[in-house]
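Have a look at the structure below, then the notes.
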Amino acid sequence: MNRLKDKVAIVTGGNSGVGAATAKLFAAEGAKVVITARRKEALEKVAEEITSAGGEVLAISTDISKPEDPERLMQAVMDKYGKIDVLVNNAGILEEGLKPIDRFTDEDLDRIVDTNQKGTMRCMREAAKRMKEGASIINVASVAGVVGCGGAAYVSSKAAIVGITRHTALRFQKDKIRCNAVCPGTIVTPMVASMNPAALDPDMFGAMMTHSDVKAQPCMPQDVANILLFLASDESRAITGQILVTDFGSNL
């Protein structure tokens, strides 16, 4: 308990799945948690659950794909709490169908990059301007960005997050602001559950089946949240610029 006592932690995509699990865990560990997402109703439900459990939470409806929203979010947190200690960039979207490099659409690419890459980078930029020594940025990327298992647009967006994580760690190492990425394998979340199996590209799905252990157990949101807690806490103060794959060994 109290591993994040008095820290102010922002969790994007905090309305469900990994984001909701992380926000609840952080609050239980003493953090003042700011959750943000586009769907206001779902966001407020998570906030109510945190408050009912005795935690402190601020819910701010935000669309990180809009250029102006990340700055508005970070300034609202500063106005409320006067600091930002932890940023968890969890918000992200998938394309439908695992479209490979020879079949992806420009529409998918633009939509996914706007949220997964540009939105995350803007959040990092605006938070970093306001962070002090000891702060931690944690990006929820994907094993897809490390080994290529997924649709081309999604893979490219998550690979970009792997690269910008290392860049950011390098940029702020002297300031003692850390940046790491967690790359989960398949996670049991509403976003993944909503995928239509009939729409999966057979060639891409077949390649993924060949090059990974599909029998390995999937991650649960709590599995990822536990790792995010460690990286948010001072226990991991010596760790920066690292990319942690969390897939139960399915892609070894």
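No lab work stands behind these numbers, since they all come straight from the coordinates. In this text, all values refer to a predicted model and were calculated from it rather than measured experimentally. Virtual Cβ from ideal backbone geometry, glycine too; neighbours counted across all protein chains shown.
Any idea how many Lys pairs in the stretch 1-62 come in under 13 angstrom at the alpha carbon, given 8 or more places apart or on separate chains?
On the way: 5/32; 7/32; 24/32; 24/45.
So the count works out to 4.
Can you give the relative contact order of the chain as a percent, counting alpha carbon pairs under 8 Å and 6+ residues apart? If you can, show how the numbers build up before the last one.
Working: 535 pairs, mean separation 52.0, N = 252.
Reported relative contact order: 21 percent.
Go ahead and estimate [θ] at 222 nm for the chain from helices alone: -39,500 (n - 2.57) per DSSP H run with n ≥ 4, summed, over the residue count, rounded to 500. Can you show the working numbers first?
Working: 10 runs with 105 residues, N = 252.
Mean residue ellipticity at 222 nm (helix-derived): -12500 deg cm²/dmol.
Using only the alpha carbons, work out the radius of gyration and Dmax of the stretch 17-142 in angstrom.
That works out to 15.4, 51 Å for Rg and Dmax.
May I ask you to evaluate 6.51 cos²θ - 1.76 cosθ + 1.60, the Karplus curve with θ = phi - 60°, for each residue of the stretch 6-22 and list the ³J(HN,Hα) values in order in whole Hz, giving x for glycine and proline?
Couplings: 6, 7, 9, 10, 9, 10, 7, x, x, 8, 6, x, 4, x, 5, 4, 5 Hz.
If you place +1 on the Cβ of every Lys and Arg and -1 on the Cβ of every Asp and Glu, how big does the dipole about the Cα centre of the stretch 1-61 come out, in debye to the nearest 20? Mind showing how you got there, number by number?
Values: 9 positive and 7 negative charges, 36 e Å.
Computed about the Cα centre, the dipole is about 180 debye.
Using only alpha carbon positions, build the gyration tensor of the chain, then give the equivalent ellipsoid semi-axes as the square roots of 5 times its eigenvalues, largest first, whole angstrom. Numbers along the way, then the final one.
Details: eigenvalues 163, 70, 65 Å².
So the equivalent ellipsoid measures 29, 19, 18 Å along its semi-axes.
Tally the DSSP beta bridges in the stretch 8-242 and give the antiparallel ones as a percent, rounded to 5.
Working: 0 of 24 bridges.
If we restrict to bridges inside the stretch 8-242, about 0 percent are antiparallel.
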